[in-house]
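The values are calculated or read from the model by the stated rules, or taken from the named source; none is laboratory data. Quick caveat: nothing in here was measured; it's all calculated off a predicted structure. Cβ placement follows ideal geometry from the backbone for every residue including glycine, while neighbour counts extend to all protein chains displayed. To get the accessible areas, we keep the full protein, side chains included, count just its heavy atoms, and leave off ligands, DNA and RNA. Shrake-Rupley method; radii C 1.70, N 1.55, O 1.52, S 1.80 Å.
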Amino acid sequence: MMPSGARTSTRRAAEPGHASWRWKRCIGVVLAVGAALAGAACAPVPRDAGTIVMASGTDLESANPLVTVHPMSRQVQRHMLFVTLVRLDSALHPVPYFARAWDWDAERRTATFRLDSTLRWHDGVPTTAGDVQFTIERAADSALGSPRRGDLRVVEQVSVQSPWSVEIRFTAPQPELPVVLAELPLAPRHLLDTVPVNRWRTHAFATAPVGNGPFRFVSRLPGRLWRFARNEAFPVAMGGPPRAREVVVAVVDEAATKFAGLVSGELDVAGVSPTMARLVRQDPSLRLLSPPALFSTVLAFNTTRPPFNDGRVRRAVSLAVQRQQLVDAAVAGFGTPAASAIPAGLPVSPAPATAPDAGEQAQTADSLLDAAGWRRAGTERTRRRDGRPLELTLLTVGSGDMAVEQLVQADLAARGIALNIRVVELATFLATVRNPERRFDVVLTGIPGDLALGHLSAMFDSRQRGGALDYTGYHTPPLDSLLNAARTAPPEHAREAWQSVDRLLQRDMPIAWLYHARGVQGTSARLQNVSMDLRGELVTVTRWIRRAP
């Protein structure tokens with residue numbers, strides 16, 4: 001075990017004099033000619049008004065839309081690089097996109113879609129009904145382990161009627177098209193159909209993609225940036241070419257560096273540390289946006305080994321964490337303490353819960369730990385069972401200034417649990433939590449949600465065991481049954497069906513939901529037409545334009 005509060009990292013520092021990335025003094029982004037992004041300590045390099053630079057806290061996980069869970073990657077895929085069959089309007093109802101129109105049969109079990117015949121993949125190959133069929137069938141394939149597999153269980157069959165017509169038959173009548181059809185980007189059959197699904201995550205397509213969306217992939221510097229250019233051939237009926245000439249996604253992981261980039265004018269969009277939100281508000285050259293976000297911060301327990309194979313210990317840890325304090329101190333109020341796995345703002349969201357009594361929760365946590373055999377002896381601060389201390393390691397990629405980790409550490413210490421903090425790079429984190437051997441105790445992580453709540457299936461459905469979001473190893477037949485009922489419930493019964501899922505998760509506590517976030521985004525005041533909502537931060541990216549000085 002590591003000493004309490006210890007941090008480790010595999011982060012590689014940029015070499016001295018590196019032309020594109022000088023971390024100590026500048027933010028660096030390589031464009032066509034050298035550095036075009038510089039912090040307060042560097043002289044800004046002019047760039048074309050048609051180039052928009054936005055920050056991502058980590059490198060994009062993958063450009064393959066069927067295997068990705070990274071939030072920014074999913075936004076780029078859905079709104080920039082690829083298209084979906086339909087999309088959602090601001091009221092979250094399906095509207096035409098690649099499918100220009102659709103008709104239902106009398107039972108509303110089969111929908112026939114008429115597709116835009118002018119849409120091309122960026123290599124010039126037409127996008128057709130075959131790509132729709134290919135995407136849905138691959139995403140539903142258990143061998144791939146797509147995080148959207150559970151959402152696609154409502155689909156019984158996909159049939160190609162012609163190159164520009166596709167029929168989807170559902171397992172039950174549908175009052176409206178399932179949300180997953182507006183969230184799942186289409187994948188190119190002509191490039192991926194011969195690639196074994198067990199190679200999709202490592203295939204070259206993941207880092208050199210061919211899309212069909214309003215922006216096309218241009219280049220990538222691993223761990224540094226992704227560059228996308230306007231697709232001049234994007235169909236007018238689907239929105240036409242974007243207004244910006246290019247968008248650069250720069251990897252900038254430090255909060256102070258992001259803020260410096262916004263202030264200097266070298267970043268146009270960046271997630272802002274909540275503690276710096278006030279500074280953004282006070283700067284007339286910047287704007288602060290705080291959209292609702294389907295993103296939750298959680299403690300995910302390894303339920304396959306002690307001590308978290310005992311539900312009493314999991315519940316005790318959850319009860320020990322003072323969530324309101326986390327929201328106030330760690331994210332400056334830009335979040336909601338989580339009393340449920342389901343965030344607010346959705347049609348199935350629960351009613352707001354009454355704030356719990358911290359003293360009562362602490363007493364219940366102590367009682368649960370005592371009952372599980374973890375007791376304090378005399379004046380010892382750390383609980384023991386059979387002579388072994390209750391000492392755990394928290395795996396994390398780091399929450400900026402580490403406030404969340406340290407507050408959780410202090411809350412658990414008060415209950416007699418010694419928590420060591422281990423910080424690793426994202427790649428190491430993902431490799432650890434996805435390893436079938438599960439050599440970790442508990443992880444602090446963010447869970448990117450979706451409007452259909454498909455992330456809950458990806459985390460807990462037995463048929464998605466071993467998938468990208470299976471952090472806990474918790475799968476039970478009762479939960480499988482409840483998830484299936486919730487996914488297929490008609491609108492008038494959907495809320496109660498999802499509440500049943502939530503009650504079981506609260507009882508067994510494979511994950512302690514800490515808080516549901518709000519977005520905290522800083523933008524340049526020169527960047528116009530920016531709006532953000534539950535559909536994502538990039539929902540209007542095709543209309544973004546940077547006003548010249």
Would you work out the charge dipole size for the chain about its Cα centre, treating the Cβ of every Lys and Arg as +1 and the Cβ of every Asp and Glu as -1, and quote it to the nearest 20 debye? 1080 debye
Selection from Ala418, Ala111, Tyr471, by position along the positive dipole direction of the chain (Cβ): Ala418
So if I restrict to the alpha-carbon atoms in segment 118-204, what is the Rg, and what is Dmax, the biggest pairwise distance, in Å? 13.4, 40
Accessible area (Å², 1.4 Å probe, nearest 10) - Arg114: 110 Å²
Simple label model, 7 Å out from Cα along Cβ direction - Gln282 to Arg385, nm: 5.0 nm
For a quick check of your reading of the filter: which GluC sites (Glu not before Pro) in segment 289-398 sit in a DSSP loop and have no more than 14 other Cβ atoms within 10 Å? Glu380
Distance histogram for the chain (every C-alpha pair counted, 20 angstrom bins, percent rounded to whole numbers): 21, 54, 24, 1
Heads up, segment 381-425 by the C-alpha gyration tensor (a ≥ b ≥ c square roots of eigenvalues; a/c under 1.5 rounded, else a/b over b/c prolate, else oblate) looks oblate
Compare the peptides 58-71, 535-548 by average per-residue count of other Cβ atoms within 10 angstrom and give them in order, highest first. 58-71, 535-548
Alpha-carbon Rg with Dmax, taken over segment 470-549, Å: 19.7, 60
With Cβ to Cβ distances under 15 Å as the rule, what net charge do the other residues near Leu119 carry (K, R +1; D, E -1)? +2
accessible surface per residue for the chain, probe 1.4 Å, DNA/RNA/ligands not counted, whole Å² -> 41 Å²
Value in Å of the Kirkwood radius, where segment 134-268 supplies the Cα pairs that are averaged: 18.0 Å
From most to least accessible, 1.4 Å probe, no ligand or DNA/RNA atoms counted, Arg495, Arg439 line up as Arg439, Arg495
Cβ-based charge dipole, the chain, positive-most Cα from Gly213, Gln322, Gly50: Gly50
Summing +1 for each Lys or Arg and -1 for each Asp or Glu, what net charge is found among the other residues whose Cβ lies under 9 Å from the Cβ of Pro185? +1
What does the charge count around Arg315 come to, taking other residues whose C-beta lies under 10 Å from its C-beta (Lys +1, Arg +1, Asp -1, Glu -1)? +1
